[in-house]
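Each value in this text was obtained by applying a stated rule to the coordinates, not by laboratory testing. Model, not experiment: these values are computed from the prediction. Methodologically, a virtual Cβ is constructed for each residue, glycine included, from the backbone with ideal geometry; neighbour enumeration extends over all protein chains shown.
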């Protein structure tokens with residue numbers, strides 16, 4: 001929770017690129033304005049390699065303790081993409097920067113390390129990603145389901161768009177006794 | 001927390017899933033030592049309605065009205081976050097006048113929600129006359145909402161690229177009448193909640209959430225601001241017309257000079273925010289520029305643009321309970337979103353319940369649980385229902401315990 005000098009969007013991008021070089025696969029900075037005064041708000045979309053993911057989060061926590069809004073996920077066919085939506089520099093008037101860090105997991109081995117040891121508040125959203133996307137969070141402190149009931153069929157993941165999704169199940173609900 | 005270890009000194013007390021002194025289903029499993037709460041576990045999912053899943057089979061205009069139904073109270077905040085996500089993904093500019101109109105609608109919703117919460121909080125500690133007083137005030141604001149939008153709860157006022165109805169000079173007398181009514185009654189409300197002995201006894205030093213916990217557990221909204229974390233999307237980001245208006249973080253030290261992070265502080269934050277919202281509406285009406293209401297009136301054109309979009313966007317908004325964030329992704333093939341993720345504020349305020357409730361008494365459960373203003377239907381969105389038959393302490397029983405504690409303290 002060290003308070004450093006606030007970086008701007010390019011500064012944040014450089015901060016990560018200097019450290020992780022080519023493992024930062026893509027950085028996109030999107031600026032939008034709103035209202036009569038056209039104040040800017042910045043969204044940074046950053047794709048990182050899975051191998052350095054945990055280090056990126058640690059590096060981020062060195063910058064300022066970030067607010068993790070939620071983790072969202074996409075089934076992209078061969079891979080599952082997780083997107084961690086962070087807020088940086090909140091608490092200053094119009095100073096917030098939204099940082100979205102995404103990481104691709106191969107479907108053959110959809111595992112990722114937990115970030116609960118750095119950000120304890122990530123637990124709820126990590127539990128949700130496990131049950132909804134069928135990924136495995138390594139080292140998660142609480143491995144139970146979150147929203148899905150205990151008798152929900154195993155191996156069915158509502159957000160998947162492949163054969164593990166819900167399409168087949170909802171057509172044959174009698175098979176799962178629902 | 002996971003292992004059920006009942007020893008001779010402690011016992012298990014499940015509360016819920018139906019009405020654990022809340023108005024919505026959630027399941028608490030407490031470990032109790034005498035009257036003290038040693039540990040607590042929360043389970044969710046009892047009102048999971050598969051709304052995200054349903055949304056991925058609707059087009060973006062239809063989703064606005066679906067998003068409105070995620071929560072009966074935040075029926076502006078959810079569509080607001082969703083349309084901002086779409087506007088960011090598709091790059092749609094919003095007319096300036098529409099941004100101001102959005103602020104007015106958002107702040108009316110916040111006033112309704114905070115007053116409603118104040119009434120519920122009073123009810124939880126057995127102070128039912130205050131419940132009636134606050135809800136009478138809320139009724140005036142609902143009347144104004146109905147006058148401006150045509151509906152009390154599901155307002156259907158926002159659309160992608162703007163708003164659907166204007167506020168003209170003809171509306172002003174009624175708006176100012178209601179705002180003046182609120183201002184006249186604000187001091188009464190403040191006196192009841194902050195100076196009353198009963199409220200102080202039940203809320204001060206109760207359900208404490210420390211600054212570090214609020215930060216680490218990623219709490220949002222008045223819950224986190226009452227612990228001193230300055231986090232308010234309206235202040236931090238430039239969205240709608242909030243960037244133009246003079247607005248600052250509301251933390252309890254503005255009034256008392258210190259931050260305790262207890263239930264009392266959460267009451268202070270919400271009360272001050274009611275006042276702030278009234279001022280914001282006045283400023284917004286005063287500064288509102290003239291202009292269009294929507295950037296593109298033809299819905300089919302918007303949908304055609306969305307169909308060609310290959311991109312993603314996030315939208316954040318400050319709901320009465322805290323930050324709500326929606327994520328959408330379009331794949332350039334369909335007007336339905338490829339992915340739609342909703343995160344309601346209560347989702348992040350689940351974990352902070354644990355440090356708040358530990359060490360408190362059974363009779364404090366209702367007021368501590370209610371102090372985050374939980375909205376369970378918002379939080380549970382995606383699946384089905386499961387009821388565990390357990391020994392239940394029902395709502396009436398729990399409410400009775402809470403009322404008895406108030407009586408005891410007043411003696």
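Tabulated data for the structure shown
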read-out: Other protein chain Cβ atoms within 10 Å, averaged over every residue that makes up B:216-223; value: 4
read-out: Ranked by how many other beta carbons lie within 10 Å on average, peptides A:61-68, A:140-147 from highest; value: A:61-68, A:140-147
read-out: Overall form of the stretch B:248-327 per C-alpha gyration tensor (a/c, 1.5; a/b vs b/c); value: oblate
read-out: For the stretch B:35-160: rounded, prolate or oblate by the Cα gyration tensor [a/c cutoff 1.5]; value: oblate
read-out: Cα shape, the stretch A:83-126, gyration tensor, a/c 1.5 rule; value: oblate
read-out: Alpha carbon centroid spacing (whole Å) that separates the stretch B:275-321 from the stretch A:1-61; value: 26
read-out: Rg ratio (alpha-carbon, reference 2.2 N^0.38 Å) - chain B; value: 1.00
read-out: Projected area, mean over directions - the stretch A:9-150, Cα convex hull, nm²; value: 9.8
read-out: Nearest 10 degrees, 0 to 90: helix B:395-410 Cα axis against chain B principal axis; value: 70
read-out: Computed over the protein assembly as shown, Kirkwood Rh from alpha-carbon pairs, angstrom; value: 24.5
read-out: Percent of Cα-Cα distances greater than 21 Å, calculated over the stretch B:183-327; value: 56
read-out: Antiparallel DSSP beta bridges within chain A, as percent of all bridges there, nearest 5; value: 75
read-out: Ratio Rg/Rh, restricted to the stretch B:106-231 and using Cα atoms, in which Rh is the Kirkwood radius; value: 1.04
read-out: Order of B:206, B:74 - criterion: other Cβ atoms within 10 Å of each residue's Cβ, fewest first; value: B:206, B:74
read-out: Centroid-to-centroid separation of the stretch B:10-84 and the stretch B:190-245 [C-alpha atoms, Å]; value: 20
read-out: Order of B:110, B:138 under a 10 Å beta carbon neighbour criterion, fewest first; value: B:138, B:110
read-out: Exercise: per-residue mean of other protein chain Cβ atoms within 10 Å, A:64-74; value: 6
read-out: Per-residue mean of C-beta atoms belonging to partner chains within 10 Å, peptide A:136-149; value: 4
read-out: √(5λ) per eigenvalue of the Cα gyration tensor, the stretch B:51-287, largest first, Å; value: 30, 22, 17
read-out: For A:87, A:108, B:113, order by how many other beta-carbon atoms lie within 10 Å, fewest first; value: A:108, A:87, B:113
read-out: Helix axis angle, B:128-149 relative to chain B longest principal axis, alpha carbon, degrees; value: 10
read-out: Cα-based helix-to-principal-axis angle, B:263-287 vs chain B, degrees rounded to 10; value: 20
